[in-house]
Amino acid sequence: MKFNTSMPTALKPYFQKELTEAKNTFTKRYFQQSWRHLERAHILGQPYPMEHTTVHWKMFLFGIKIKNAKEVIGQIPRLLVGGVKSFVGHIPVGNTGGANVPPLKPMEIPQDLLTIINQNK
């Protein structure tokens, strides 16, 4: 069994860029765009326990800030088990991480992110 412990250094700038864009667009009150950047960060960070948990924490805080109880409640189990699932390499690839999608549903990865992932493993 392969254990995932840390994100490859080459992938980190792409992950961080999505988180930065999420913060910047949230500050401008572009909530839909901010959420989309969090979803993209989730796709990039999902295989790695720390990054995966970080994104779910940010999604949890997003839910609190916009007063979305469904998102807040939906992030709690994801926060509790997401990092563990990443560590053992048992994730639903491409899942965007929000409470609006089933937590175990694999999803198609956007082509630009798939290219980034494949080039920076």
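The values are calculated or read from the model by the stated rules, or taken from the named source; none is laboratory data. Note that the structure is predicted; figures quoted are calculated from it, not measured. No Cβ is skipped: glycine too gets one built from the backbone with ideal geometry, and neighbour counts run over all protein chains shown. SASA here: full protein model, heavy atoms, side chains in, ligands and nucleic acids out. Shrake-Rupley method; radii C 1.70, N 1.55, O 1.52, S 1.80 Å.
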| So what is the relative contact order of the chain, in percent, for Cα pairs below 8 Å that sit 6 or more residues apart? | 29
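Which FRET efficiency, nearest 0.05, do residue 118 and residue 93 yield, Cβ-Cβ r, R0 22 Å? Please list the in-between numbers first.
On the way: r = 13 Å, r/R0 = 0.57.
With a Förster radius of 22 Å, E is 0.95.
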| task | For the chain, count the residues as N, evaluate 2.2 N^0.38 Å, and divide the Cα radius of gyration by that value, please. | result | 0.98
| Which one of 50, 95, 75 has its Cα pushed farthest toward the positive end of the charge dipole of segment 29-106, where Lys and Arg give +1 and Asp and Glu give -1 at the Cβ? | 75
| remark: Note to self: with every protein chain in place and a 1.4 Å probe, the chain gives an accessible area per residue in Å² of 59
| request: Please find the FRET efficiency linking residue 17 to residue 100, where r is the Cβ-Cβ separation and R0 is fixed at 35 Å, and quote it to the nearest 0.05. | output: 0.90
| message | Return the Rg/Rh ratio of segment 66-121 with Cα-based radii and a Kirkwood Rh. | response | 1.03
